[in-house]
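Novice: Take this structure first; my questions come after.
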Amino acid sequence: MNLFFHIGRYFILLRRVFAKPEKFSMYFRQILFEMNSLGIGSLGLIAIISVFMGAVITIQTAYNITNPLIPAYTLGFTTRESIILEFSPTIVSLILAGKVGSNISSEIGTMRISEQIDALEIMGINSASFLILPKILAAIIINPFLIVISMFVGIAGGYVIGVYTGACTSYNYILGIQSFFIPFNVFYSLFKTAIFAFIITSVAAYHGYYTSGGALEVGRASTKAIVYTSILILITNLIITKLMLY
């Protein structure tokens, strides 16, 4: 019953979040601020992870391809498909769930225990919409761009390590990247990235918004937000993959 209670309260919160804003211009400025805070602030971490992720995929693929009958461009093809279909959208989103989700939950949770949210409600402001909606919209807008950058950086990292270690030639790797490319795969990845962005921000905001107690409870809310967000991302990934690729 506790699960159904949280599900119901989560959707009630979303109804308040997507209520008509009082002042659109203020929300627009807040969305730009959140895009910089949640998205651009995570770019360095995403780039580092993507480089090494692409390099590891290339090395592992080269290690397992020993049959001389397998085309030489398979290395680039496999790296591209692995990064575009799964590693960039899903693994990076899981990392953002930890970084961005904990940040959102702790920020809103601190505002709750310090009674800043109560002050907003007293002034007649829809605190749920004012605090949470800009974060959701900002993440949905900026996260797909971060994933595209992750794709390029990951493939480039695979190229560098593949050519540097002699696992493949530059020509064969680039040929593999270009071979049998399906544009729908990029749409699929960006679509589920937007869904993941919504899950990350809304679930983390939910746990922060209903925090009660003190600093210890804020930490617990952040931990719960990361755990539940990661689980929901994995479940949603399975469902979207089944519906769009099967």
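The numbers here are math on the coordinates, done by the rules we state, and not lab data. It should be emphasised that the depicted structure is a prediction, and the values quoted were computed from it without experimental measurement. Here the Cβ positions follow ideal geometry from the backbone for every residue, glycine too, while neighbour counts run over all protein chains shown.
Novice: Please return the longest stretch of the chain lacking exposed loop sites, where GluC sites (Glu not before Pro) count only if DSSP places them in a loop and at most 12 other Cβ atoms lie within 10 Å.
Specialist: By the stated rule (loop sites, at most 12 other Cβ atoms within 10 Å), 116-246.
Novice: Would you mind working out the magnitude of the charge dipole of the range 45-245 relative to its Cα centre, with +1 at each Lys and Arg C-beta and -1 at each Asp and Glu C-beta, to the nearest 20 Debye?
Specialist: 300 debye
Novice: Let me have the relative contact order for the chain, percent, based on Cα pairs under 8 Å that are six or more residues apart.
Specialist: So the answer I get is 34 percent.
Novice: While we're looking at this one, here's another question. For semi-axes √(5λ) of the Cα gyration tensor in Å, the listed values are (i) 41, 17, 16; (ii) 32, 24, 15; (iii) 31, 28, 19; which was obtained by calculation from the structure presented?
Specialist: So the calculated entry is the one marked (i).
Novice: Here's something else I'd like to know. List the residues, sorted by chain then number, that are 5 or more residues from Y210 or on another chain and whose placed amide H is less than 5 Å from its amide H.
Specialist: Here nothing satisfies the definition.
Novice: Now a separate question. Loop-only chymotrypsin sites (Phe, Trp or Tyr not before Pro) in the range 86-195, please: DSSP not H, G, I, E or B, and at most 14 other Cβ atoms within 10 Å.
Specialist: The qualifying sites are F180, F181.
Novice: In nm, to one decimal, how far is the modelled label at I141 from the one at A19, with both set 7 Å along Cα→Cβ?
Specialist: Distance between label points: 2.3 nm.
Novice: Oh, and also: If you average the alpha carbon positions of the range 147-173 and of the range 4-22, how far apart do those two centres end up, in angstrom?
Specialist: The distance from the Cα centre of the range 147-173 to that of the range 4-22 comes to 44 Å.
Novice: Still on this model: Pop out the ³J(HN,Hα) list for the range 11-16 in order, Karplus 6.51 cos²θ - 1.76 cosθ + 1.60 with θ = phi - 60°, rounded to Hz; leave Gly and Pro as x.
Specialist: With the stated coefficients, the range 11-16 comes to 6, 5, 5, 4, 4, 6 Hz.
Novice: Who wins for biggest fluctuation among T169, T193, T229 in a Gaussian network model of the chain, springs between alpha carbons below 10 Å?
Specialist: It is T169.
Novice: Go ahead and set up a Gaussian network model of the chain, Cα springs under 10 Å, then flag whichever of G162, G214, G124 fluctuates most.
Specialist: So, out of G162, G214, G124, the one fluctuating most is G124.
Novice: Short version: what are the Cα gyration tensor semi-axes of the range 4-43, square root of 5 times each eigenvalue, largest first, in whole Å?
Specialist: The three semi-axes for the range 4-43 are 26, 17, 4 Å.
Novice: For the charge dipole of the chain, defined by +1 on Lys and Arg C-beta atoms and -1 on Asp and Glu C-beta atoms about the Cα centroid, which residue among S150, T223, V160 has the Cα displaced farthest towards the positive pole?
Specialist: T223
Novice: As I understand it, the value is the acute angle between the Cα axis of helix 127-164 and the longest principal axis of the Cα atoms of the chain; what does it come to in degrees, rounded to 10?
Specialist: 10 degrees
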